[in-house]
Every structure is written in C-alpha cells, then in structure tokens.
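> I'd like to ask you about the structure that follows.
The values are calculated or read from the model by the stated rules, or taken from the named source; none is laboratory data. Here the structure is a predicted model, which is why all the values come from computation and not from measurement. Backbone-built Cβ (ideal geometry, glycine too); neighbour counts: all protein chains shown. Surface accessibility is based on the protein's heavy atoms, side chains included, excluding ligands, DNA and RNA. Shrake-Rupley method; radii C 1.70, N 1.55, O 1.52, S 1.80 Å.
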Amino acid sequence: MRQKIRKGILTFSALLFPLTFFFLSPYLIVLSATQGIVGGSAMVFFGMFILSIVTSRLYCGWLCPGGAMQDTISKSNDRRWNGKGKNLSKYIIWAVWFGFIVCLWIKNKPLTDDAMFKFEIDPQYLIVYVAVVTIIFLFTLFTGKRGMCHSFCWMAPFMIVGEKLADLLHIPRFRLKVDPGKCISCGKCAKACPMGLSIDKMVKSGKTDSTECISCLECVDACPNGAIRCGIYAKQR
Ligand code: SF4
Ligand code: SF4
C-alpha cells in the first residue's frame, strides 16, 4: 500500500512537471542571478537543503518528477548503473554550476528576490524544458536505474550536503535501521531498490547509510523478515 501511494504521488508530480519546472530549473536560477535576483528555483533548492537536515532525501524518493520519469524508464532498462565515477560526476557538475551562480550573485549585489521570476511559458522555457526531459529519458535509458540521480542531478547535492551537516551536528534525521540477525540473504531488498544499491550487503554489514539512498522504502517493504526499518535517528558514533 505504501509503495502504491508513493508511486501515485510521483506520477502526479511528473504530470505537474511542466509547471513545477519553473521552480526546479537549473537554467532559470542562472538567468535570475545574472540580473541580481534570487529566483523561485534558488528558494526551492535552499528549502530542499534545510528540509534534508531532518528528512534526508525523501524528496527524491517520494516527490521528484525527474525521479518519477526515471522509474518509468527503468521498466525498459532495469539494470544497475555501474559506470566509473557515476556518483562523483554530479558533485563536479554541481560545484561548477552552483559556484558560478554564487559568483553572479556576488557580482550583481545588492540582490533582490522574485519567487515568480520568468513565470511564463515562452519558447525559451519550452526549449529548456524539452531539452532537460529528453536528457533525463535518454540518459536513464542508456545507463540504467535512476542514472540521472546518480550522475548529474543538480538538486541531489543540496540534500546530501544537508544530510552531512545533520550527521556532523548529530541531528537525528530520517534513515534506515537494520537488524542483520534477521536477514536471510534472499536479496529481495536489493532487487527492489530503484537506486540499484546493494542494500542486502549493507544490511549484513549493519551499515546502511548511503548518500545515494533516496528513502523510498522499497527495501523496507520488500523484506520478508522485517530486517530493515526506518525512522528518525542520529548517526551512530
Ligand atoms: S536502500 Fe532502500 S530506501 Fe534506499 S534507495 Fe534503496 S530501496 Fe530505497
Ligand atoms: S530482503 Fe530482508 S532478508 Fe532479504 S536480503 Fe534484504 S534484508 Fe535480508
């Protein structure tokens, strides 16, 4: 039941993407920064960072329209994306992109805010939207399960930084907890994981923290023996 609700929310989010893209766009935040404006997408990304201090990457697993599209494509290609440096590339892209935005903000001070910056469907917006959706589709089709989340999502690093900050400050956040003694090594959790994580091995080792976990809870629901649960816990010292 929980997974049906999650997939329903994701589908709804994907349908709304032509509108919500205004607030998730990697391009509009740059355009607004060139004019000394903190736009809606910058505000949303900041909100993601703050929320992730407690909610980790729940957004990615439960609400992200790009994630919803990838999960649909994974029905055609459900192999794990095992490319070299597959997780590292998104941090490099993010650091260059966000560093450039911060430089623009510094250069164009004083800043103003406009949550509805460029909130109009014009040809330029449609071109960027179609380009981003096409890249998501093709990249995932070529790579495998949530390839874009692993390799070039511009939003994930904001949340991963939030998770790291929570752990550094020992703030309890949403995470998995496991009981290795209950695991019968059936592998159902790993098969169900949309991120292609080896959660079965992680359960056995007792270490389930992964920056790539999107808190979708597929593994929790797939485990026949209740070896995985979830909740808000501080990082174990
Ligand atoms: S490890 Fe579990 S909660 Fe994390 S992404 Fe995989 S299935 Fe989802
Ligand atoms: S589904 Fe449960 S029992 Fe099976 S490998 Fe995963 S944690 Fe172990």
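> Can you find, among SER74, PHE23, THR112, the residue sitting farthest towards the positive end of the charge dipole of region 1-122, where Lys and Arg contribute +1 and Asp and Glu -1 at Cβ?
With unit charges placed on the Cβ atoms, the residue in question is SER74.
> Using the Cα gyration tensor of region 133-232, with a ≥ b ≥ c the square roots of its eigenvalues, what is the shape: rounded (a/c below 1.5), prolate (a/b larger than b/c) or oblate (neither)?
oblate
> Between LEU51, GLN236, CYS103, whose Cα lies farthest towards the positive end of the dipole of the chain when Lys and Arg beta carbons carry +1 and Asp and Glu beta carbons carry -1, centred on the Cα centre?
GLN236
> I've got another one for you. Only four residue types carry charge here, +1 at the Cβ of Lys and Arg and -1 at the Cβ of Asp and Glu. Report the dipole size of region 2-164 about the Cα centre in Debye, rounded to the nearest 20.
840 debye
> Another one. Could you work out the relative contact order of the chain, using alpha carbon pairs under 8 angstrom and six or more residues apart, expressed as a whole percent?
Reported as a whole number, the value is 27 percent.
> Let me ask something else. Ordered by residue, what ³J(HN,Hα) values in Hz, to whole numbers, does region 124-130 give under the Karplus form 6.51 cos²θ - 1.76 cosθ + 1.60, where θ = phi - 60° and Gly and Pro are x?
Values per residue, Gly and Pro as x: 4, 4, 5, 4, 5, 4, 5 Hz.
> Considering amide H positions built from the backbone, and no H for Pro or chain starts, which residues 5 or more places from ALA234, or on another chain, come under 5 Å of its amide H?
Correct list: ARG173.
> Name every cysteine in the chain that ends up alone, with no second cysteine's Cβ under 4.7 Å, or say none.
Within the chain, the cysteines lacking a partner Cβ under 4.7 Å are CYS60, CYS64, CYS103, CYS149, CYS153, CYS183, CYS186, CYS193, CYS213, CYS216, CYS223, CYS230.
> Could I ask something else about it? What list of ³J(HN,Hα) couplings, whole Hz, do you get for region 67-83 from phi and the Karplus terms 6.51, -1.76, 1.60, once you set θ to phi - 60° and write x for glycine and proline?
Coupling constants for region 67-83: x, 4, 5, 5, 4, 5, 5, 4, 5, 8, 9, 9, 7, 6, 8, 10, x Hz.
> For LYS86, give me every one of the lysines with a C-alpha distance below 27 angstrom, ignoring sequence neighbours fewer than eight places off in its own chain.
Those lysines meeting the cut-off are LYS7, LYS75, LYS145, LYS164, LYS177, LYS188, LYS191, LYS201, LYS204, LYS207, LYS235.
> Hey, another quick one. When the helix-only estimate is applied to the chain (DSSP H runs of n ≥ 4, each -39,500 (n - 2.57), divided by the residue count), what is the mean residue ellipticity at 222 nm, nearest 500 deg cm²/dmol?
-16500 deg cm²/dmol
> Determine the sum of side-chain charges near GLY231: Lys and Arg each +1, Asp and Glu each -1, restricted to other residues whose C-beta is under 11 angstrom from that of GLY231.
Every neighbour counted, the sum reads +4.
> Would region 37-174 count as rounded, prolate or oblate if I go by the C-alpha gyration tensor, calling it rounded below 1.5 in a/c and otherwise prolate when a/b exceeds b/c, oblate otherwise?
It comes out oblate by the Cα gyration axes.
> Near LYS107, which lysines are there with a Cα under 22 Å away, not counting those fewer than 8 places off in the same chain?
The qualifying lysines are LYS118.
> May I ask you to give the solvent-accessible area per residue for region 172-233, in square angstrom, as obtained with a 1.4 angstrom probe?
Normalised by residue count, the accessible surface of region 172-233 is 45 Å².
> Considering only protein heavy atoms and a probe of 1.4 Å, how much of the accessible area of the chain is carbon and sulfur, as a whole percent?
69 percent
> With charges only on Cβ, +1 for K and R and -1 for D and E, what is the dipole size of region 172-233 about its Cα centre, in debye, rounded to 20?
160 debye
> Classify region 1-71: rounded, prolate or oblate, from the alpha-carbon gyration tensor (a ≥ b ≥ c, eigenvalue square roots; a/c under 1.5 rounded; otherwise prolate if a/b is larger than b/c)?
Oblate, because a/c is 1.5 or more while a/b does not exceed b/c.
> Which one of LEU217, ALA227, ALA190 has its Cα pushed farthest toward the positive end of the charge dipole of region 190-237, where Lys and Arg give +1 and Asp and Glu give -1 at the Cβ?
ALA227
> For VAL38, what residues show an amide H to amide H distance below 5 Å, using hydrogens built from the backbone and excluding near sequence neighbours?
The list, which skips near neighbours in sequence, is THR112, ASP113, ASP114.
> Okay, next question. On a full-extension model of 0.36 nm per residue, what is the gain between PHE137 and TYR233, subtracting their alpha-carbon distance, rounded to one decimal in nm?
31.1 nm
> Over region 1-67, average the accessible area per residue using a 1.4 Å probe and give it in Å², no decimals.
I get 42 Å² per residue for this part.
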